[in-house]
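Structure first, commentary second.
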Amino acid sequence: MKENRISFDDILVKLKISVLNEMQQSFLEAASSGRDIILLSPTGSGKTLAFLLSVLQQLDIESGKTQALIITPSRELTQQIEMVFKKMSTGCKVTSCYGGHLRETEENNLKEAPALIIGTPGRLADHIRRGNIITASISTLVLDEFDKSVELGFEEEMSFIIGSLPAVQHRWLTSATDALETPDYIGLNNPVKLSFLKEEQTKPERLDIKTVRSPEKDKINTLFKLICYLGSRPTIVFCNHRESVERISSLLKEKGISNLFYHGAMDQRERDAALSKFRNGSTALLITTDLAARGLDIPHIRYIIHYHLPDTESGFIHRNGRTARMEASGTAIIILSPEEVIPSYIVDETTIQLPDTEVLPEKPKWTTLFIGAGKKDKVNKIDIVGFLSKKGELKKEDIGLIDVKDYFSFVAVRKTKASHVLHLVKNEKIKNKKVKIEVAK
């Protein structure tokens, strides 16, 4: 174990966590023993903190070299892990690498070797081939949600990456399901398997599973009635195809239901905007593909709606993992067309009878503003609150969640105040710089 400047107790205080759970303690003990690890634990159970604390144990803060690499299947999961690590305030440099934004930005960040690199397989492989990542000193490798990376077809890139790491001593794999053989190219050496999955993992204790019957093959009218019945609680609707996502989003808007869509063909700014709006309450309804089934840290999601059933049991588990997280409760609802049947792995479901009349859900009280400045412009949340309070004449309770990215930011403001704020700040500067400020698209 390396000497570190910051104690785990200090980190837990910064993260507002009083004590590690059983899974996290077990992972730390196994990692300290030097063993390779396969960790199986439900979504939302705290795997990220478990392996980040263990990575920190292995880092030599003074080395100035890249010592740990975390591979993830999605940009969002990469960003989420980076955010948690930065909140830990370790004094160690971290850089994330993923598609959808400029590679040159990452190249600049890699010039001074980060202690920890987090990224998606395609972008990491690209940087290694270009010589931007020096792999000789990387001793710790984490494959987070490794089964999803294999499922998405990243085996060739992962095999190349792992084959480019000559000094790896610790290999740690995590997953929320036990449905996949571990590929040989990962190079596990007598791993310890830590399983915190319950036998009936399709239905966590705090998750209710319900079904709704659609009288028609096209389920859109049933979905509309269901959303009216559920009201304005945070809800994710899962579909199997991007085209379905956009079609359903459009049809619901025509019927007066505020919503956003989210899928892999959107560019990074569009994806960031959609997630920020959903997180901050500018919309209560997100229509999405399985891209949103992993890696999204959005608390308090009350309902998961399966507009289409996923292809696999593990897909069902991961979708449902967006709700009933940690100590919260949640409900997963399956919409079935006349010819569809409940899969055998789903048990103890109950049926919802929808009322004949529909009442549109309450409209969101927040709207999201786009601000064309972010971390790289030395702008932070405090700057944005100060700017909107002073120049936009907003009270503290009129400002909601703020999400600061590298080159832009999103901030929720009370919808009734948005037009007035935009009028007041249109010629004002943040940090002595004139930036674009508008309602986020």
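When DSSP assigns beta bridges and you keep just the ones with both residues in the chain, what percent turn out antiparallel, to the nearest 5?
Once the DSSP bridges in the chain are tallied, antiparallel ones form about 25 percent.
Helix-only mean residue ellipticity at 222 nm, the chain, DSSP H runs n ≥ 4 weighted -39,500 (n - 2.57), per residue, nearest 500. What is it?
Only helices count here, giving -9000 deg cm²/dmol.
Just for the Cα atoms in region 8-195, what are the lengths along the principal axes, largest first, rounded to whole Å?
Largest to smallest, the principal-axis extents are 41, 37, 29 Å.
For region 366-439, report the convex hull volume of the alpha-carbon atoms normalised per residue, in Å³, without decimals.
69 Å³
Less than 15 Å apart at the alpha-carbon level, and either on another chain or at least 8 residues along: which aspartates and glutamates does that give for residue 433?
Cα-Cα hits under 15 Å: 377, 383.
I need 406, 126 ordered by Cβ neighbour count within 10 Å, fewest first.
Least crowded to most crowded, the residues run 406, 126.
Label region 54-150 by shape, choosing from rounded, prolate and oblate, from the square roots a ≥ b ≥ c of the eigenvalues of the Cα gyration tensor; if a/c is under 1.5 it is rounded, and otherwise prolate applies when a/b is larger than b/c, oblate when it is not.
The shape class here is rounded.
How do 239, 228, 97 line up, fewest other C-beta atoms within 10 Å first?
228, 239, 97
State the three equivalent ellipsoid semi-axes of region 207-351, derived from the C-alpha gyration tensor as the square roots of 5 times its eigenvalues, in descending order and whole Å.
For region 207-351, the semi-axes come out at 21, 18, 15 Å.
Quick check for you: which residues of region 266-285 have the amide N under 16 Å from the point 7 Å beyond the Cα of residue 233 toward its beta carbon?
What the label zone holds, given the 16 Å backbone N cut-off, is 284-285.
Taking only C-alpha pairs under 8 Å that are 6+ residues apart, what is the relative contact order of the chain in percent?
Once normalised by length, the contact order is 15 percent.
Of 117, 357, 421, which is farthest along the charge dipole of the chain in the positive direction, counting Lys and Arg as +1 and Asp and Glu as -1 at C-beta?
The Cα lying farthest towards the positive end belongs to 421.
Among 370-378, 338-346, how do they line up from the highest to the lowest mean number of other beta-carbon atoms within 10 Å?
Final packing ranking: 370-378, 338-346.
How large is the charge dipole for the chain, taken about the Cα centre, if only the Cβ atoms of Lys, Arg (+1) and Asp, Glu (-1) carry charge, to the nearest 20 debye?
2460 debye
Among the listed pairs 277/396; 148/381; 14/111, which are separated by more than 27 Å between their Cα atoms?
The pairs that break the limit, which is 27 Å between Cα atoms, are 148/381; 14/111.
Which of the pairs 65/405; 253/434; 86/417; 16/378 have their Cα atoms more than 30 Å apart in this structure?
Result: 253/434; 86/417 exceed 30 Å.
Each value in this text was obtained by applying a stated rule to the coordinates, not by laboratory testing. Only a predicted model underlies this, so the values are computations on that prediction, with no experimental measurement involved. No Cβ is skipped: glycine too gets one built from the backbone with ideal geometry, and neighbour counts run over all protein chains shown.
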